[in-house]
Amino acid sequence: MHCTMEKIIRGYVFRLYPTDEQKVLIEKSFGCYRYIYNYFLNKTNGKKYINKFDCIKELPILASTNEWLKEVDSCLLRCSIFNLEDALIAYKRGNALYPKYKSKTRSRNSYRTNNIVREYKGKVYNSISINLKDKTIKLPKLKEVKIRGYRNLQRLDGRIINATIYKEACKYYVSLCVEEYKEIEKQPIRHIVGIDVGIKELLTTSDGLVIKNNKYIEKYEQKIKGLNKWLARTQKGSKNREKVKKKLAEVYRKLKNARKYFLHKTSKRIVEENDLIVTEKLKINKMV
């Protein structure tokens, strides 16, 4: 069989276990990332374009008047500008709505930082590196943070491009974007399958296989319904409201993971059993 080397971009998600000091710095990073995004979004005045290089030149001026911007990784401030530029480009192309201001309570708490590679006295230094043997990851400003995930993975065979640190239901995660080269063996196409995505059922294949929506997901949906009723009865700003919000966020996290697991299990089965997969390009929300 003929083999070719293909470049692929793969994502790896690890659970972070930061110390109390690292948690404080992560929360500050979320705030700085959000501040820079909102500041330059406000300066656009409804325009569809920003000059990211002019914005980056303005960062030292902002840092001189806002000392707390110097406490976090400088790269994440630039990445915030790049994300705003991507959002405006998506709006200009008609692929998304005009970007909104990021909120501390409603928006997702996250920030992205790039892997900076430097060479000094013959040694190569990376701002982001991972040690799967010791279960630690080195991140800018945070230094070494304990991680968990991928028990059978010994090392990452590739170059780390960037890392996204985010928070879900009081838990911290890091998503690594890794560039890898993989040897792909070209196989002859023996079995072709078509997939029809449904509304009542998850999908139906041309072989007659019908995969229904998983029942145990309904359990979490019922819990979310009950917690939302409880949340509506609480008073704004009260401690009980914060407790319910945390419980609701935890159930949403479990529901998300349950759906993700079910979809991965289903997609793996279809990919392993077929050589060529054909799907329709439909907008389900319009069909509903």
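The values are calculated or read from the model by the stated rules, or taken from the named source; none is laboratory data. Note that this is a predicted model, so its numbers are computed, not measured. Methodologically, a virtual Cβ is constructed for each residue, glycine included, from the backbone with ideal geometry; neighbour enumeration extends over all protein chains shown. Note: areas computed on protein heavy atoms with side chains; ligands, DNA, RNA excluded. Shrake-Rupley method; radii C 1.70, N 1.55, O 1.52, S 1.80 Å.
Here are the numbers:
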| quantity | calculated |
| --- | --- |
| Size-normalised alpha-carbon gyration radius of the range 94-233, reference 2.2 N^0.38 Å | 1.54 |
| Environment charge of Tyr49, counting only residues whose C-beta is closer than 15 Å and scoring Lys/Arg +1, Asp/Glu -1 | +3 |
| Estimated inter-spin distance, Lys135 and Leu263, nm [label 7 Å along Cα→Cβ] | 2.8 nm |
| Accessible carbon and sulfur surface of the range 75-119 relative to its total accessible area, %, 1.4 Å | 47 percent |
| Count, lysine Cα pairs under 21 Å in the range 18-66, 8 or more residues apart or across chains | 4 |
| Probe 1.4 Å - accessible area at Ser129, Å² to nearest ten | 50 Å² |
| Share of pairwise Cα separations in the range 22-131, more than 25 Å, in percent | 28 percent |
| FRET efficiency estimate (nearest 0.05) - Cβ-Cβ, Val278 to Tyr216, R0 35 angstrom | 0.70 |
| Cα shape, the range 157-288, gyration tensor, a/c 1.5 rule | oblate |
| Lys/Arg +1, Asp/Glu -1 at C-beta; the range 1-135 dipole; positive extreme among Ile8, Pro18, Val72 | Ile8 |
| Computed FRET value (nearest 0.05) for Ser107 with Leu62, which takes r as the C-beta separation and R₀ as 25 Å | 0.75 |
| Sequence-distant residues sharing a close amide H with Lys102 (under 5 Å, placed H) | Asn38 |
| Estimated [θ] at 222 nm from DSSP helical runs (n ≥ 4, -39500 (n - 2.57)) normalised by residues in the chain, nearest 500 | -13500 deg cm²/dmol |
| Read-out Rg/Rh (Cα atoms, Kirkwood Rh), derived from the coordinates shown; its label in [x] 0.99; [y] 1.11; [z] 1.05 | [x] |
| Positive-end residue, the range 176-237 charge dipole about Cα centroid, Cβ charges, pick of Val193, Tyr216, Ala232 | Ala232 |
| Accessible surface, the range 27-80, averaged per residue in Å² (probe 1.4 Å) | 53 Å² |
| Environment charge of Lys7, counting only residues whose C-beta is closer than 15 Å and scoring Lys/Arg +1, Asp/Glu -1 | -2 |
| Carbon plus sulfur fraction of accessible area for the range 161-288, probe 1.4 Å, in percent | 53 percent |
| The range 127-187 shape via C-alpha gyration tensor axes, a/c threshold 1.5 | prolate |
| Accessible surface, per residue, of the range 140-205 when the full set of protein chains is kept, probe 1.4 Å, Å² | 64 Å² |
| Approximate spin-label separation Ser206-Ile161, in nm, with each point projected 7 Å along Cα-to-Cβ | 3.2 nm |
| More than 12 Å apart - percent of Cα-Cα pairs taken over the range 16-60 | 69 percent |
| Kirkwood Rh and Cα Rg combined as Rg over Rh, evaluated for the range 217-274 | 1.24 |
